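Where a number appears in this text, it was derived from the coordinates with a stated rule and is not lab data. Because the structure is predicted, anything quoted here is derived from the model rather than measured. Virtual Cβ from ideal backbone geometry, glycine too; neighbours counted across all protein chains shown.
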Amino acid sequence: MDGHGSFRLEARGVRKSFGGVEVLHGVDLDAVGGSVLALLGENGAGKSTLVKIIAGDYQPDEGALTIAGEQVTSLDPLAARRFGIRMIYQELADAPPLSVAENISLGRWPSRRGVISWGAVRRRAQRVLEQLDVDLDLDAPVGSLRVGERQVVEIARALSDEARCLVLDEPTAALSAPEVERLFAFVRRLRDQGVAIIYITHRLDEVRALADRVTVLRDGDVVLNGASADLDRRALVSAMVGSSVGDVERPEDVHEAERSDTPALRLRDASVTGAFADVDLAVYPGEVLTLYGKLGSGTTEVAAAVYGLRRLSTGTMEIEGRPTTVAGPNEAIRAGIGYLPADRQREGAFMVRSVAENLSAPSWSRLARYGVVITRRLEAVAYRRWHDELSIRSRNDPEQLLATLSGGNQQKVLLGRWLERRSQVLVLVEPTRGVDVGARQEIYRSIRALASQGVGVLVSTSDYEEVVQVSDRAAVMARGRIVARLAGDDITTARLTQEAGG
Amino acid sequence: MSDITGSVAPAAGGPAAPPTDMAAPQARLRKRRQVPELAALVVVLLLLCAFFSIRSEFFLNWDNWLNILVAVSITGIIAAPATMLIIAGQFDLSVGSALTFCGIVMAYTAERQGILVALLVTILAGLLIGALNGFLVTVVGVNALITTLGTLAAFAGLARLIADGQTLILDDFGTLGTTRIFLRIPIGVLIFLAVVLLFYLAMRYTVFGRSMYAIGSNPVAARLSGIRSNRLIFIAFLLSGLCVTLGALINVSQLGAASTLAGNGLELSVVTAVILGGASLAGGRGTILGTMLGLLIIGVLNNGLVLMNIDAFWQDVARGTLLILAVSFDQLRLRLGSR
């Protein structure tokens, strides 16, 4: 494989600390032209830090980089560019109102004496899109494209000048299945053109589909390094998760709830056109049912439909045995449903308002005297009710601004919101996304505490560890349908990834 | 290599400190955040007062203070709902021409149909403007700034059309403007104080007020928390229209006439007071009390400049400067807040 491309990037013994905590403990990495290296690891394993060092965003504390035979002592983003290293980050970094052609030349306008040559902008875009073999309207504003297409534009931008090493950071996170296929086709084509590709992921199926070699990081160490053909799924999982699988062990208090006869929430043959179909599920009071599936599998849409954010096209919903239709959040809340959105900052939190207000927002009408008069004191009552229960770490001041709490504690406040509202059904979407590892465990505890209060909890997630740690029962979704139902000890990471399909 | 963070101790539980066991009951209500913001305004106000009372012997007279209150009362009646709108992340620029329009409608109808019918029609007109703004913002989905910029222009034009560009005289409608009940306080000022009190209570002690803060702080989260944002914003624009009507009535009553220039630049004074009073243009923060302090600062400044015989044009300069200073403070506070 070495003869294929002359480009070679070697990292040796790279160490990096942040604020006294070492996140990379001397890591080696090799990226070779004409080959795809999968960089694998759980969240927080150090993948992003490592590639940021390669892109010149961070300086390593120790260790050496050799790029194309040149020993590099300090690498800044500009130097990394000169070496032909290109990053595609997880979040799109494009300019939505500008056209495809303009985005491809963004920041590197071909110009003569300060005047942009639009002809050259178009020619460059045309050339690189041809090279990628995609057909996009050069004049379409990027904002009008689908996410997958926008990602292609970003790749095109990265390749529009001599790229020799392309780093993709979990590029499929927001893509649908066919878009993923197309992306893979690009990556293979680039590899065949001699580009060195570093592909970051935590999905095993992608490794098998794409990678020539695999490097697995765990807690800042390389724990596995080899040709992907030699490694089976088992080996990769145990490398990622570690021998101490204590992290993903099911907690002891997980149990199949004693079922009352009527489920708190029941969906019968529910469908939303274009999102999911024939979903049948029941969540009983006191249990946690997770809907696991990869992005685009339909789990978030089911959650949204329960909360009235999407209208069921067929099927029915029952809350505590009563047929219920909800046309929006307000009606859903009245019906006894609570909802924790995936994007806490954008959709859940009132950052510039107090913790007490955030906790009591959906309950104001009930807390208020005569349904109208609400005081800070009444809100503080709600605050005190749940502050200790959920072990929210704050200054113990109801008036403290939510923004001053850590992500995990903000999440607990938003959970407490529905405890205060006494919702019988709670729908949680990706409850620990963007929450650091330590706080994650506490949130799981909070969720279990919620269930033990008799709430029926439906969790929609794409994180299989989460499923293992929090659920009594699990349903696996793929392509808009429930493809498997697991309970008790059958809920393992292996079963989940297997059922969710590649 | 990995002897520090090996698999022995899962990093997960490591940094987690034990939950705070501080007793909940000790959490007394502390107003530490609100006080400093308002305290700065109080200090500025007191400094201005001190300065002007040294420079002019008339400044501290009760009659002069009544002058200041009369001068700010109409702006204040409108600034109260404007504060509410800005807290909810909305904006009403149309207040100036809406006030002109309502005044003209009042005088025009009174001349033809009598005072009572005119009152009714005027109140309807004010509500209509509010409803139109609210409809465009909540149903059609036009940005509030653009909507009210549009209605600002449109109703200024309509007012001039109805009045044919003339000032309309309205004779027997002096009650609101000139009657004094006690301490020689004109009714208009009492109405102003009542409106402010109502909005103060609404914003501080009602679910409606809390919802306004929530909507301004995060519209998506507000909707997901079950707040019927569109309905409430519509109501807020209606209230703004209603208060504008009230202001217009007091204005024509004071002048005994309706001018097509009555509300010129009113939106600037209102926004200046609201922003100076600490409301954030980003929404979610602000208080009626703060707005009133902002209003008084502007009132005292204008009054003091007059007493010192400084050219009236300087008042505009001072007001504009104050607005910029206030917004700069707002930005600074946001930046510090995001730390």
Fill in: Listed peptides A:386-395, B:193-202 by packing density, highest first (mean Cβ within 10 Å)
A:386-395, B:193-202
Worksheet, complete the sentence: With +1 at each Lys and Arg Cβ and -1 at each Asp and Glu Cβ, the charge dipole magnitude of chain A around its Cα centre, to the nearest 20 debye, comes out at 1420 debye
Discussion item. Multiplying the sequence separation of A:ARG334 and A:ARG188 by 0.36 nm and subtracting their Cα-Cα distance, what value in nm do you get?
Written reply: 47.4 nm
Practice prompt. Output the relative contact order of chain A, whole-number percent, from Cα pairs under 8 angstrom with separation of 6+ residues.
Written response: 15 percent
Worksheet item: Say R0 is 56 Å: what FRET efficiency, to the nearest 0.05, do A:TRP109 and A:SER452 get from their beta-carbon distance?
Response: 0.40
Practice prompt. Please report the relative contact order for chain B, taking Cα pairs under 8 Å with a sequence separation of at least 6, and give it as a percent rounded to a whole number.
Written response: 29 percent
Practice prompt. Note down the magnitude of the dipole of the protein assembly as shown about its Cα centre, charges +1 on Lys and Arg C-beta and -1 on Asp and Glu C-beta and zero elsewhere, to the nearest 20 debye.
Written response: 1820 debye
Worksheet item: So which residue, out of B:LEU232, B:LEU224, B:LEU41, gets the largest mean-square fluctuation from a GNM of chain B using Cα contacts under 10 Å as springs?
Response: B:LEU224
Worksheet item: Which listed residue (A:TYR199, A:LEU138, B:LEU238) has the Cα farthest towards the positive end of the charge dipole for the protein assembly as shown, taking +1 on Lys and Arg C-beta and -1 on Asp and Glu C-beta about the Cα centre?
Response: B:LEU238
Practice prompt. Using 0.36 nm per residue of separation minus the Cα-Cα distance, give me the extension gain between A:ALA120 and A:SER17 in nm, one decimal.
Written response: 32.7 nm
Worksheet item: Of all DSSP beta bridges in the protein assembly as shown, what percent run antiparallel (nearest 5)?
Response: 55 percent
Worksheet item: Using a Förster distance of 56 Å, how high is the FRET efficiency between B:PHE51 and A:SER6, based on the Cβ-Cβ distance and rounded to 0.05?
Response: 0.15
Discussion item. How big is the dipole moment of the range A:8-248 about its Cα centre under a simple scheme where the beta carbon of each Lys and Arg is +1, that of each Asp and Glu is -1, and everything else is neutral? Debye, nearest 20, please.
Written reply: 740 debye
Worksheet item: What is the calculated FRET efficiency for A:THR262 to B:ASN143, with r their C-beta to C-beta distance and R₀ = 35 Å, to the nearest 0.05?
Response: 0.15
Worksheet item: For the modelled label position 7 Å from the Cα of A:SER313 along Cα-to-Cβ, which residues of the range A:278-302 have backbone nitrogen atoms closer than 11 Å?
Response: A:278
Worksheet item: Cα-Cα over 28 Å: which of A:LYS52/A:LYS412; A:LYS47/A:LYS294; A:LYS16/A:LYS412?
Response: A:LYS52/A:LYS412; A:LYS16/A:LYS412
Worksheet item: How many percent of DSSP beta bridges within the range A:8-248 run antiparallel, rounded to 5?
Response: 60 percent
Worksheet entry | Furthest towards positive pole of dipole, B:THR75, A:ALA264, A:ALA500, structure part the protein assembly as shown, Cβ charges | B:THR75
Item to complete: Sticking with the crude label model, points 7 Å out along Cα→Cβ, report the distance from B:LEU66 to A:ASP490 in nm, one decimal please.
Response: 8.6 nm
Discussion item. Within chain B, which whole H helices from DSSP have a Cα span along their axis of at least 18 Å and a mean Kyte-Doolittle hydropathy of -1.0 or more, if any?
Written reply: B:34-55, B:62-87, B:95-113, B:115-134, B:144-163, B:187-205, B:229-255, B:288-307, B:313-337
Response to the item:
Net charge (Lys, Arg +1; Asp, Glu -1) of residues whose beta-carbon lies under 10 Å from that of A:ASP343, A:ASP343 excluded, is +1
Worksheet item: How large is the helix-only mean residue ellipticity at 222 nm for the protein assembly as shown, computed as the sum of -39500 (n - 2.57) over DSSP H runs with n ≥ 4, divided by its residue count, in deg cm²/dmol to the nearest 500?
Response: -14500 deg cm²/dmol
Discussion item. Run the paramagnetic zone check for B:VAL42: 7 angstrom along Cα to Cβ, then residues of the range B:274-306 with backbone nitrogen under 17 Å.
Written reply: B:277-278, B:287-297
Practice prompt. Can you pull the one-decimal nm distance between simple spin-label points at A:ASP205 and B:LEU198, each 7 Å off the Cα toward Cβ?
Written response: 6.1 nm
Discussion item. Nearest 5 percent is fine: what portion of the DSSP beta bridges confined to chain A is antiparallel?
Written reply: 55 percent
Discussion item. Under 8 Å for C-alpha pairs, at least 6 residues apart: give me the relative contact order for the range A:348-422, rounded to a whole percent.
Written reply: 47 percent
Discussion item. Going by average Cβ density within 10 Å per residue, which order do the peptides A:353-361, A:67-75, A:30-38 take, highest to lowest?
Written reply: A:353-361, A:30-38, A:67-75
Worksheet item: Ranked highest first by average number of other Cβ atoms within 10 Å, how do B:250-256, A:410-416, A:160-166, B:115-121 line up?
Response: A:410-416, B:250-256, A:160-166, B:115-121
Practice prompt. Quickly work out the B:ALA153-to-A:GLN59 label distance, labels modelled 7 Å from Cα along the C-beta direction, and quote it in nm with one decimal.
Written response: 5.5 nm
Item to complete: Could you tell me which of A:GLY416, A:GLN400, A:ALA349 has its Cα farthest along the dipole of the range A:348-422 towards the positive end, charges placed at Cβ (Lys, Arg +1; Asp, Glu -1), taken about the Cα centre?
Response: A:GLY416
